[in-house]
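A quick write-up on the structure given underneath.
Nothing in this text is a laboratory measurement; each read-out follows from the coordinates by a stated rule. What you see is a predicted model; the values in this text were computed from it and never measured. As a convention, Cβ positions derive from the backbone with ideal geometry for all residues, glycine included, and neighbour counts pool all protein chains shown.
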């Protein structure tokens with residue numbers, strides 16, 4: 001059976017060139033980057049070269065790059081670290097209702113420990129209003145955390161405009177950019193951000209490595225304490241191979257990204273046209289234009305998303321109903337509900353997220369299989385009124 005993977009927003013395969021770059025740091029160059037002997041110095045050299053590569057890619061300085069275990073740790077470090085270090089200035093956070101749970105649950109945790117949080121609504125396209133953000137700011141507002149690209153719809157938030165507001169008010173601005181890095185331009189100065197979170201396994205690098213960009217001069221307490229790693233910003237022995245892999249994935253994106261993203265966007269649009277032309281009662285979720293090139297979220301009326309996923313899986317096609325971190329939940333997506341979708345329609349939403357290895361043949365196969373699956377499931381639904 002042919003296998004078609006359309007769940008790259010959950011995780012991506014490690015690029016062969018990334019794996020090749022990493023292997024020496026598991027085999028020959030396996031030193032601890034904190035050791036002063038030749039093995040350690042070789043590892044340290046690789047870590048610092050990777051830091052420079054990643055910093056240059058986003059318009060930052062190398063000393064503004066902190067290596068972490070992934071996006072969740074980066075989000076936690078940014079939000080908890082900023083609130084702890086700046087507690088004397090206030091206790092108010094502004095975020096949005098469509099954030100990844102790494103942000104939402106961190107904010108909920110802080111609410112239990114004396115912070116107040118404003119959760120901004122979104123419009124029908126899943127986009128935050130800059131005016132509503134302005135109105136939410138108080139004298140106690142320390143931090144704004146709004147994601148760059150939504151993991152379920154790919155919708156892009158008005159980060160530059162939000163950053164201009166926070167910069168003028170002297171408020172620290174963090175953005176979860178896990179789903180946007182390498183898919184759309186990321187420039188820390190143009191975006192007016194103070195902190196950005198990234199994750200390796202979303203960009204064809206391995207799981208278990210991430211990055212937190214922190215602008216110079218921003219006070220932030222470390223989330224993990226111990227040794228003097230990462231200039232006292234994140235304790236723990238560096239994942240040298242993972243860091244090298246992350247930097248290599250960034251290098252590949254710099255080389256191939258423009259052409260790849262254009263091709264993927266064409267495949268995404270081909271998939272949507274095939275769905276829209278062949279299946280009735282479907283809805284495109286998210287912004288039709290301002291979104292990442294690889295993400296397509298569609299609601300199929302009168303059908304549960306989980307049933308679609310399982311039926312597609314039996315045909316060798318992997319898709320998702322939202323965030324992989326929430327895949328064990330049977331409740332409707334919080335993102336879909338926040339956009340105003342009826343609960344039943346929200347439960348019928350599917351996320352197709354494409355990647356570098358997908359082809360026109362893959363998309364055409366999905367288009368040929370999906371209408372029959374939807375029709376079969378609708379015929380089983382007591383809510384389906386028929387054609």
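Among 229, 37, which comes first, then next, by fewest other beta-carbon atoms within 10 Å? Walk me through the numbers on the way to the answer.
Details: 229 18, 37 9.
Ascending number of Cβ neighbours within 10 Å: 37, 229.
Using a basic spin-label model with each label point 7 Å from the Cα along Cα→Cβ, how many nm lie between residue 169 and residue 290?
1.8
Using the reciprocal of the averaged 1/r over all distinct C-alpha pairs, how large is the Kirkwood radius of region 155-249 in Å?
Computed over region 155-249, the radius equals 14.6 Å.
Restricting things to alpha carbons, find the Rg to Rh ratio for the chain using the Kirkwood radius for Rh.
That ratio equals 0.99.
Work out how much length residue 135 to residue 225 would gain on full extension: take 0.36 nm times their residue separation and subtract the Cα-Cα distance, in nm to one decimal.
Working: separation 90, 0.36 × 90 = 32.40 nm, distance 3.65 nm.
Result for the pair: 28.7 nm of gain on full extension.
Using alpha carbons only, how many angstrom separate the centre of region 249-269 from the centre of region 225-244?
31
Can you tell me what share of the DSSP beta bridges in the chain is antiparallel? A percent to the nearest 5 is fine.
Roughly 55 percent of the beta bridges in the chain run antiparallel, per DSSP.
Convex hull over the alpha-carbon atoms of region 262-320: what's its volume per residue in Å³?
Considering the Cα atoms of region 262-320, their hull volume per residue is 93 Å³.
In the Gaussian network model of the chain, springs joining C-alpha atoms below 10 Å, which of 292, 141, 237 carries the largest mean-square fluctuation?
237
Who wins for biggest fluctuation among 240, 282, 259 in a Gaussian network model of the chain, springs between alpha carbons below 10 Å?
Most flexible of the set in this elastic network: 259.
Of 92, 101, 343, which is the most mobile in a GNM of the chain whose springs link Cα atoms less than 10 angstrom apart?
343
Suppose each label sits 7 Å from its Cα in the direction of the beta carbon; what would the residue 26-residue 381 distance come out to in nanometres?
Rounded to a tenth, the inter-label distance reads 4.4 nm.
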